[in-house]
Amino acid sequence: MSSFEDINPGARIKGLDAACIAEVISVSLFAADAFSLIFRFGGKVAERLVYRGEETSFEFMSGGRAYAFDADAEFLRLAFEAYHIRLAHLFDPYLALSASQIEALPH
């Protein structure tokens with residue numbers, strides 16, 4: 001069980017928003033028993049007043065890793081190649097002609 005004072009920027013809290021886990025961006029003391037929280041959840045940013053006693057309904061999530069580099073290399077190569085093909089038309093406007101077996105004739 002975490003306390004009211006454990007709500008700091010960077011904390012991940014389940015229960016601030018019903019949709020998902022929220023990440024606290026900013027904490028400002030609003031009154032002796034209230035914080036003004038700015039938090040991010042699901043690509044949105046919101047602000048909410050949190051009063052002492054409400055932290056019992058929150059679930060503090062562990063930090064975990066923001067990024068991991070332990071993915072399968074073959075999937076990474078496949079994703080890179082798909083992205084490369086997706087953007088290829090920006091660099092070669094005649095990509096379809098060069099990729100197909102069509103021979104362009106002078107007429």
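Here, each number is a calculation from the coordinates, and none is a lab measurement. Just so we're clear, the structure is a prediction, and the values are computed from it rather than from any experiment. Cβ atoms come from the backbone with ideal geometry, glycine included; neighbour counts cover every protein chain shown.
According to a simple spin-label model (label point 7 Å from Cα along Cα-to-Cβ), what is the distance in nm between F60 and F30?
It is 2.0 nm.
With springs only between Cα atoms under 10 Å apart, run a GNM on the chain and tell me which of A34, A18, A96 wobbles the most.
A96
Classify segment 12-56 as rounded, prolate or oblate, taking a ≥ b ≥ c as the square roots of the eigenvalues of its Cα gyration tensor: rounded when a/c is under 1.5, otherwise prolate if a/b is larger than b/c and oblate if not.
Taking the square roots of the gyration eigenvalues as a ≥ b ≥ c, segment 12-56 is oblate.
Give me the distance in nm between label points sitting 7 Å out from Cα along the Cα-to-Cβ direction at A73 and Y94, one decimal.
3.7 nm
Looking at (1) 13.2, 41; (2) 12.1, 32; (3) 24.8, 83, which value of Rg and Dmax of the Cα atoms in Å comes from a calculation on the structure shown?
From the options (1) 13.2, 41; (2) 12.1, 32; (3) 24.8, 83, the structure gives (3).
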